[in-house]
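Report on the following structure.
The values are calculated or read from the model by the stated rules, or taken from the named source; none is laboratory data. Not measured: the values here are computed from a predicted model. Note: ideal-geometry Cβ built from the backbone for every residue, glycine included; neighbour counts use all protein chains shown.
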Amino acid sequence: MAEHQGGAFPRIRMRRNRRDDWSRRLMREARVTVDDLIWPVFVKETDVAEEEIASMPGVFRYSISRLVEAAGEAAALGIPALAIFPVIDPSLKTPGGDEAANPNNLICRAVKAVKKAHPDLGIICDVALDPFTSHGQDGILRDGYVVNDESVEMLVKQSLVQAAAGCDVIAPSDMMDGRVGAIRDALDSHGHEAVRILSYAAKYASAYYGPFRDAVGSATNLGGGDKRTYQMDPANGDEALREVALDLQEGADMVMVKPGLPYLDIVHRVKTEFRVPTYVYQVSGEYAMLRGAGDRGWLDWERVIMESLLCFKRAGADGILTYAAVEVARMLKDSGA
């Protein structure tokens, strides 16, 4: 950065522009608006309208009918899109995750119901087998190892039934090699060329996912296993850029970094390097930490959640998946932002 001419203190006083609220607002570099928000939600086959998730206070598993209502509330606040995650009945889970390819499965019925009620609300569907497998892995196991190509075949089938149900954005979160290209080819050849792909291009084998696995019921199935043979090593940054480049070459329309706050450097590098729509997922563990501290009075919940989202925007994110999306949208509305 070139040095400014004209000397230093006392001629230059950086605090001048921070003196008043109006001047702070004029100088603000990053902003969070409702247009930045994507709301991840959980749907379950249940007669109970909603069940709070113990490890994620304020987050619920919804019945389909309640999800439709909640989606309407989000749409009324101006939230552009929902990401819907299914909580699959254990009796439907198999080693191969076959229920993922059922055109009448829970996620497909939920998408149809939400789309019918709120056609202008964007719907994002994860493509991964972990909610559907009896072992909790994102792909198909062979001799204790998640095999790539067989898993991709099932992911393609999953993508097609979700697209046929009305999903607007397919989001491969499995980290199998070549899955974006295979899904893009299948979507295009089946008349779904308008369906977008938001690739979890840099998804790390993180310790921050625990509450999510509780929410969808895959934690018990996974047991003592882990996902380090396909999700990225948290130590690596250059590798993330290679993953993003490959997914873009294969036809991804947008890319995502996951988790969020511990990987702000990756968000910044991806946006700087590729200049493509770049999203970040404030994952369940991040949300649970901030919410838990807020509920105990250790932190100011409203301030820390807004600050965390500002950090994503400052790093270069175009949009943010956050479980606090509805609360944040209300805060923004109340503040007149």
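Across region 139-183, the number of residues qualifying as touching a strand residue (DSSP E or B) at 6+ places or on another chain (Cβ under 7 Å), hydroxyl-bearing (Ser, Thr, Tyr) and either in a loop (DSSP other than H, G, I, E, B) or farther than 14 Å from Gly251 by Cβ (or both) comes to 2.
Taken over region 46-57, the criterion of being surrounded by fewer than 16 Cβ atoms within 10 Å (Cβ to Cβ) and in contact (Cβ under 8 Å) with a residue 60 or more places away in the chain is satisfied by Ala54, Pro57.
For region 183-196, taking the residues that are among the small types (Gly, Ala, Ser) and over 21 Å from the mean Cα position of the chain (by Cα), the one that is surrounded by the most Cβ atoms within 10 Å (Cβ to Cβ) is identified as Ala186. If you check Leu82 against the conditions, is it over 21 Å from the mean Cα position of the chain (by Cα) and crowded, with 17+ Cβ neighbours inside 10 Å? Taking the combined requirement at face value, the residue does not satisfy it. The sole residue among Val283, Val257 that is among the hydrophobic types (A, V, I, L, M, F, W, C), more than 22 Å from Gly178 (Cα to Cα) and out of contact with any Ser or Thr (no Cβ under 6 Å at 6 or more places or on another chain) is Val283. The strands (runs of 3 or more DSSP E) falling completely within region 10-81 include none with 3 or more residues that are among the hydroxyl-bearing types (Ser, Thr, Tyr). Of the residues making up region 309-328, those that are in a helix (DSSP H, G or I), surrounded by 21 or more Cβ atoms within 10 Å (Cβ to Cβ) and either at pLDDT below 95 or aliphatic (A, V, I, L, M) (or both) number 4.
Look at region 224-244: where a residue is closer than 12 Å to Arg269 by Cβ and a partner is basic (Lys, Arg) and surrounded by 11 or more Cβ atoms within 10 Å (Cβ to Cβ), sitting 6+ places away or on another chain with Cβ atoms under 7 Å, you get Gly237/Arg269; Leu241/Arg269.
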